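Report on one structure; see the data block that follows.
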Amino acid sequence: MAVAIQGMGHSVKRKEDPRFLRGRGNYIDDLKLPGMLYMDILRSPYAHAIIKSIDASRALTLPGVLAVITGKDLDAAGLAWMPTLMSDKQMVLPVDRVVYQAQEVAAVIATERYIAADGITLIDVDYEPLPVVVDPKKALEPGATLVRPDREQKDNHIWHWEAGDKTATDQSFQEAAVVAKEDIYLPRIHVSSIETCGCVASFDKMAGKLTIWMTTQAPHAIRTVFSLVSKIPEHNIRVISPDIGGGFGGKVPVYPGYVIATVASITTGKPVKWIEDRSENLQADSFARDYHMTAELAATADGKMKALRIKTIADHGAFDAAANPSKFPAGLFSICTGSYDIPAAHMEVDGVYTNKPPGGIAYRCSFRVTEAVHAIERMVDSLALKLNMDPAALRLKNFIPPESFPYKSATGWEYDSGNYPAALHKAMDTIGYADLRREQAEKRARGELMGIGISTFTEIVGAGPSHTFDILGIKMFDSCEIRVHPTGSAIVRIGVQTQGQGHETTFAQIVAEELGLPVENITVEHGDTDTAPYGLGTYASRSTATAGAAAAMAARKIREKARLLAAHLLEASPDDLEWKDYQFQVKGDPARAKTMADIAFAAYTNHPQGMEAGLEAVNYYDPPNLTFPFGSYICVVDIDRGTGEVKIRRFVAIDDCGNIINPMIVDGQIHGGLTMGMAPALLEEISYDEAGNMRQSTFMDYLLPTAMETPAWELDKTCTPSPHHPFGAKGVGESATVGAPPAIVNAVVDALSHVGVSHIDIPITPWKVYAILEAHGLAAP
Amino acid sequence: MHFEGSEAIRAPVDAVWAFFMDAPSVAGCAPGFQKMEVLSPEHYKPTVAVGVGPVKATFTLDVTLTDLRPPHHATMRGHGIAAGSGVDLESQLDLAATGESSTSLAWTMDAVVSGAIASMGARLLENTAQKVTARFFECVREKLGTAPR
Amino acid sequence: MAEVQLNINGQPHQADVESRLLLVHFIREVANLTGTHIGCDSTSCGACTVLVDGLPAKSCTLFAVQVNGADISTVEGLEQDGQLHPIQEGFFEEHGLQCGFCTPGMMMAGVALLERNANPSEADVRHAISGNLCRCTGYVNIVKAIQYAGAKMRGELPERAAKEVA
């Protein structure tokens, strides 16, 4: 019998594994080119300072050091500043001042890695420290230290953004019987993929061509930006994403190191490699969160939600360099009405400059959806407490009913499909919710602290439709090109860029399903801008929703031609054929059939007169809408009264991402996402002292979860396909990072709500909990 | 960071004052002191090696004495940079004779540390600064001929 | 400079190197075995884990000169005669990797565990890999992968056709 197709829904083992298992991955630091030089970067110890002078003379005398590049050198070429993805500008290297600790100040180019590292210690910089502002609220006060004197507007306010109906919302709050209000701070965190960022830039003087291997999640967009900034025509720039050791959004921004390495290659005529250390990565690369929110949820006395209001101060650091779609400086924050039918909502966000590194959305957040969901899920529990209502019951009372989809939210999003009650009931049944509440009551009577936390989140991914979404003007379509070979195998090239999500397997499966070719006969390529069709890259859980759809659409174009070829081979009319069981069959006479393999061969050897040979197609997919995966998570915690330690006893995650390509890969994404949701909830935080020193510049202080802290996550699914996606899929990469933190916080607060605790800011460290226990007389002696 | 303290020193106030006005004497008590350039009695540049946790740095400090009101008050300011770290110090010294051969010394130290020492050594910084300060004054008392308290 | 001789995966490698050359850089750049990775600068992440004379060690925190003459095992030495090591088979079968960057170090830590504990519990496995950070997988499948390898090495799993494995 034929080799199995193994398309949609199969847990196909991964095609990318053979090289990774053997240590034969091609990560950026594995790349060696003849004559390659190494670059290291000198960084500022000060968060804010004038640079009076830079003396590189000692560094230049070190044997092996070929050049030192400073802001003055770049300025001469008009490259000291570069545009950011949010239409701000950012220093590549400073000419006169630094504006955050660890900002790039100068770069050493040397023949060897260790010599470059020695070189940076030999550069003498004379700094004149300036006052530092690290509190965004203080930054907005009149007379505050000005972070960006280069701007026309002489204050630290970047932009003001609003969504929703302020009048209707304020009115609703005035009339409301019950209002819950909380101040919620989501601290800075850092995505910390195990591989840091880096590049190898290689300018071929003879050909005038720049090739740059770069840890980038969006190679085509980078190519276009590089062309605009460097004036090298785009056909002479080739960006290659090698194997990437984790991205999660941290490998989307254009870091100064990439630009400096490129300049260094152009000036030296040699390839230049730059690989950052972990401490550089933590201190200077794009962060996430840092949202100071005040949220209010209004309801009737019997618990019907009426209005949501959120005011946010967004700390963006010294440059606005978050990689949001251009019309959304606060990302998709307005999804914050969540899974609930809330008639009125209004949110406002003010972006602020401080003396900290730039960024904002680099941590698996779907463009600020983590912030939005954290706010609404915390407010629902806060409201439940105020109403003395069970949090599950309050949710069930307010969910958007399954029959209301497509649903238009109060902030204008059209949710494609959803069934929130089904997911929550499944979660409650799986974990034994009623029994847990009984157990909690018994334990509480004995003075034991146990909590149950729920998070019923709705995600918004798949950016996005061209009428609303663009990055620096480039629309957010995505693409797929498929070519079927005569002997029935195929090559697929896509515009998205995996960093561990398994695209080489899942995209092969999509095409296998659509074309009826065995998945093992389909090869997937990506990441080389010379060959891959133009795409916007992989982040914000968009790949399946956009490029996945493009793959299906391209395959269906091929099937249209294949139908004509089949008709020719079967001497039947195309209308008499149906695509069934992965072949074209004559309706009513299934024995007369042709497989795609037969048809592929014919495309090159036996096509009808007047038809072009070959069997290929490309599709650039403009999604008609975003997709709305959702989930119901329930977390059970026990709190140690002697240490304040929070132990996650159980965590049940019910996810709904529509139709699933590879269940094994989806579960892997959820395991990882839950762990990156637990991390900021309990362990991770980036903070700054008054002098602007970042306190967590190594993994000794920035605590990633290990296998010891991470629970054995329990997963299950419901399936509510997307009605507008070609195969009903929604995407799932970030759902768990979005949904998990509030489930955990809600559980801890639930454990302590009987003594009046209604909110705790993350990370919920043992020290924080212990202080609360002490304050309420609950600490064990 | 702000530290303050007061020391009882069994020496006459003039001797204590003279000690603090003599750069080599003061430098000799600084933990990690390596060498010094003296530009004037009130301006000198000591090189001091400091370790906080995993970070070691050798600072060249630019120290100036101002606000001199002998033998009772001096202000000392220091500014220094090492590879990857910077430090700004200001110290107030107030001496009062408590007897013919005894002096009370009240001191404050304000330090702003920037860079690797402060970020990688954040959790240990205050502790280390306290230890360094304590060692310094122990040495001062010893040199001025008194037993530690 | 110092002359260093290391046996890596049974092959001798000899070179004149700076005393400060880290073992991980010797492995990656002198021996050209790039499967061992660097993920941090504080000995925290374990991506650089190799076996030194059979014991797991973080090669970013050893100088090559320190282990002169030692037997080093890296990920490249796991496959023998075209046959994947049970640990590699386990990671493949149980989807124990996503981006693959932590995987070599994780597998070496797993191999070291199974050498001393042929039938580790979940808690044993989690403890043994507590020095290896992973950002992608959430550890659930890594634990399963290592337990699979243990079962395979105890002869409890059927042989697989070469075609079915990676």
Checklist entry - Any idea what the relative contact order of region C:2-76 is, in percent, if you count C-alpha pairs under 8 Å spaced at least 6 apart? => result 39
Item to check | Dipole-positive endmost among B:M76, B:G28, B:L39 within chain B (Cβ charges, Cα centre) | outcome: B:G28
Checklist entry - Can you give the relative contact order of region C:1-152 as a percent, counting alpha carbon pairs under 8 Å and 6+ residues apart? => result 24
Checklist entry - Mind checking which lysines have their C-alpha under 20 Å from B:K143, skipping anything on the same chain fewer than 8 residues away? => result B:K35, B:K131
Item to check | Over chain C: helical MRE at 222 nm, DSSP H runs n ≥ 4 each giving -39500 (n - 2.57), nearest 500 | outcome: -8000 deg cm²/dmol
Next on the checklist: Once you place label points 7 Å from the Cα toward the Cβ at A:K580 and A:D55, how far apart are they in nm?
Outcome noted: 8.6
Checklist entry - Using modelled backbone amide H atoms (1.01 Å from N, in-plane), which distant-in-sequence or interchain residues come within less than 5 Å of A:L66's amide H? => result A:I109, A:A110, A:T111
Item to check | Gyration tensor (alpha-carbon) shape descriptor, chain A, a/c threshold 1.5 | outcome: oblate
Checklist entry - Tell me, what % of the accessible area of region C:86-158 is carbon and sulfur with a 1.4 angstrom probe? => result 48
Checklist entry - Nearest 0.05, what FRET efficiency do B:D62 and A:E645 give at R0 = 56 Å with Cβ-Cβ as r? => result 0.75
Item to check | Accessible area buried between chains A and B, both sides summed, probe 1.4 Å, in Å² to nearest 100 | outcome: 1200
Item to check | Principal-axis tilt of helix B:122-143 within chain B, Cα atoms, nearest 10 degrees | outcome: 30
Checklist outcome for this item: As straight-line cross-link partners of A:K475, the qualifying aspartates and glutamates (C-alpha separation under 12 Å, not fewer than 8 residues apart within one chain) are A:D622
Item to check | ³J(HN,Hα), Karplus 6.51/-1.76/1.60, whole Hz, each residue of region B:104-120, x for Gly, Pro | outcome: 9, 10, 9, 9, 10, 9, 10, 10, 10, 10, 10, x, 4, 4, 7, 7, 7
Next on the checklist: Explain nothing, just the number: dipole magnitude of region C:44-155 about its Cα centre with +1 on each Lys and Arg Cβ and -1 on each Asp and Glu Cβ, in debye rounded to the nearest 20.
Outcome noted: 360
Item to check | Calculated [θ] (222 nm, deg cm²/dmol) that DSSP helices of n ≥ 4 give over chain A, each run adding -39,500 (n - 2.57) | outcome: -8500 deg cm²/dmol
Checklist entry - By per-residue mean of other Cβ atoms within 10 Å, what is the highest-first order of A:226-238, A:381-393? => result A:381-393, A:226-238
Checklist entry - Okay, helix-only estimate at 222 nm for chain B: each DSSP H run of n ≥ 4 adds -39500 (n - 2.57), divide by all residues, round to 500 deg cm²/dmol; what do you get? => result -8500 deg cm²/dmol
Checklist entry - Which of A:V732, A:V646, A:L682 sits closest to the plus end of the dipole of region A:645-756, meaning its Cα is farthest towards the positive end, when Lys and Arg get +1 and Asp and Glu get -1 on the C-beta? => result A:V732
Checklist entry - For region C:2-76, what size does the Cα cloud have along each of its three principal axes, sorted from largest down, in whole Å? => result 29, 23, 20
Next on the checklist: Could you compute Rg(Cα) / (2.2 N^0.38 Å) for region C:54-163, with N its residue count?
Outcome noted: 1.07
Checklist entry - Any idea of the total accessible area buried by the A-C contact, 1.4 Å probe, rounded to 100 Å²? => result 4400
Item to check | Filter on A:K251/A:K273; A:K251/A:K647; A:K72/A:K273; A:K89/A:K356 - keep pairs with C-alpha separation over 26 Å | outcome: A:K251/A:K647
Item to check | Carbon plus sulfur fraction of accessible area for chain A, probe 1.4 Å, in percent | outcome: 52
Checklist outcome for this item: To the nearest Å², the heavy-atom accessible area per residue of the protein assembly as shown with 1.4 Å probe amounts to 36
Next on the checklist: Charges at C-beta only: +1 for Lys and Arg, -1 for Asp and Glu. How large is the resulting dipole of the protein assembly as shown about its Cα centre, in Debye rounded to 20?
Outcome noted: 540
Item to check | Global size of region A:143-281 as Cα Rg and Dmax, reported in angstrom | outcome: 22.2, 75
Checklist entry - For region C:2-76, which whole percent of the accessible surface, found with a 1.4 angstrom probe, sits on carbon and sulfur atoms? => result 49
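The values are calculated or read from the model by the stated rules, or taken from the named source; none is laboratory data. Here the structure is a predicted model, which means the values were calculated and not measured. Positions of Cβ are backbone-derived with ideal geometry, glycine not excepted, and every protein chain shown enters the neighbour counts. Heads up: the accessible areas ignore ligands, DNA and RNA and are worked out on the full protein's heavy atoms, side chains in. Shrake-Rupley method; radii C 1.70, N 1.55, O 1.52, S 1.80 Å.
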